[in-house]
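Remarks on the structure that follows.
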Amino acid sequence: MFKKILFFSLAFFFFLPQMTGQNFTASFVKSVQLQTKNNENSNPIFMLGEPLFISFDDLEADQKNYSYHIAHCNYNWEVSGTNPTLYIDGYDSFEIQDFKTSFNTLQNFTHHYFQIPNQNTRIKTSGNYLLTILNEEEEICVQRRFVIYEPKVNIRAKSIRDRNLKNIDSKQVVQFSILHPNLIFNKPAQELKICVLQNNDWNFIKKDLRPQFYKKNEIVYQYNEETSFYGRNEFLNFDSKNITGTNVNIAGIGIKENGYHTYLYPTIPRAAVPYTYFPDINGAFVVRTLNGVDAATESDYTWVHFSLDTQSKNPKEKIYVYGAFNNYAMEEENMLRLNEDSQTLETTLQLKQGFYNYTFATLEKNHASTRHVEGSFFETENDYTVLVYFKPFGARISEIIGVAKINSRQ
């Protein structure tokens, strides 16, 4: 066993730098979740030593033998090539041994799950990490990012309205300072790197920020334009926890040969519609069911029909249903297409029962954007995360020494 794992680890080490997607999910894998114990909606940003729970469903339901691999990444999410002994105690690759089969569902699946740390793997250094899950043929089935931090500094952060009059109605600005009474930086501008993340979505970030001011034991980042985000709009939602009855935003349900179907009410672009506040979970999803006891194995899958009623029947831009359900990927599967009969843009996604947030996004200069379809408003409630990376001169690996999580309405 040890020789097999060692060989696999070395082979994978040389293969990893060729992979750039970091957002891959095989077509038969659904409901990939990385969660901490106390927050089922959480983005995988957690404290060193805190358990991270990983789970996914295999809709082929053939009980494959899966394994995981953990690789350290640098600030820019490139696999660093660092020797695993510097950041892991135990193995960086190991078999996933726990699974359960679905019970009383139309869609059969195998639910695989594990946690880190475990008896074979313990991460001992904060930083960026890439989790890769492979089948017994060593084919990549899932890739996801996660972040581990160790609180060595305090971060004081706030969200304000953009000061630029051109953006005052559409943007939010994150300002913050790093308090470090117990830590000395020799050259903060070179040793520190900052990343500000909106709604736990790596497509919406600000990075490479340099300190503006220095005070006693405090480094201040009080930018406007450099840390300004479009406020976007509140996420849309639906709740399919009851597979046999409709719920808010669900127009109807049905059963066909390929399983359950959930039909959402058509929505319209909201870019020209006045802002309206309603609570959301900022793009996340929660698996849950009223039709069973164990949500992991008794929540069924349903084909969810999305519909966007836009005046432009052939929009110049491709429009995607966008959310954490597929890790904010923009792929053929979740791209809207014109239905000639209804003259609406539609797509259908197979999703596990639960509460889902979603929005509509386009690509703008190769970056995700929701403002062209959904608009952008400074009033929108958003979560922001500030990450502080620290690499002293001569160090072989960078650390994440502080995290601040704030909300634009608090």
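A single member of ASN203, ASN154, ASN167 is under 21 Å from ASN23 (Cβ atoms) and surrounded by fewer than 21 Cβ atoms within 10 Å (Cβ to Cβ), and it is ASN203. So which residues in segment 228-246 are assigned to a strand (DSSP E or B), of a type in the set (Phe, Trp, Tyr) and under 18 Å from the mean Cα position of the chain (by Cα)? Within segment 228-246, PHE229 is the sole residue that qualifies. Considered as a group, the residues in segment 288-340 that are more than 21 Å from the chain's Cα centre (by Cα) and among the β-branched types (Val, Ile, Thr) include one that is nearest to ALA251 (Cα to Cα), and that residue is THR302.
From the list GLU346, GLU364, GLU331, the lone residue that is surrounded by fewer than 15 Cβ atoms within 10 Å (Cβ to Cβ) and more than 28 Å from SER408 (Cα to Cα) is GLU331.
Conditions (1) assigned by TED's automatic domain parsing to the domain that holds PRO44; (2) assigned to a strand (DSSP E or B); (3) touching a residue at least 24 places away in the same chain (Cβ under 8 Å), marked per residue:
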site	(1), (2), (3)
ILE178	no, yes, yes
PRO181	no, no, yes
ILE184	no, no, no
ASN203	no, yes, yes
LEU209	no, no, no
VAL220	no, yes, yes
TYR223	no, no, yes
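Looking only at segment 43-97, count how many residues are surrounded by 19 or more Cβ atoms within 10 Å (Cβ to Cβ), of a type in the set (A, V, I, L, M) and touching a Pro at 6+ places or on another chain (Cβ under 9 Å). Qualifying residue count, segment 43-97: 5. Selection of segment 243-281 for residues being touching an Asp or Glu at 6+ places or on another chain (Cβ under 8 Å) and of a type in the set (Phe, Trp, Tyr) yields TYR260, TYR275, TYR277, PHE278. Residue selection: THR105 fails the criterion of being more than 20 Å from GLN63 (Cβ to Cβ) and β-branched (Val, Ile, Thr).
The values are calculated or read from the model by the stated rules, or taken from the named source; none is laboratory data. Predicted model only: the values in this text are computed from it and were never measured. In this analysis, Cβ positions are derived from the backbone assuming ideal geometry, glycine residues included, and neighbour counts consider all displayed protein chains.
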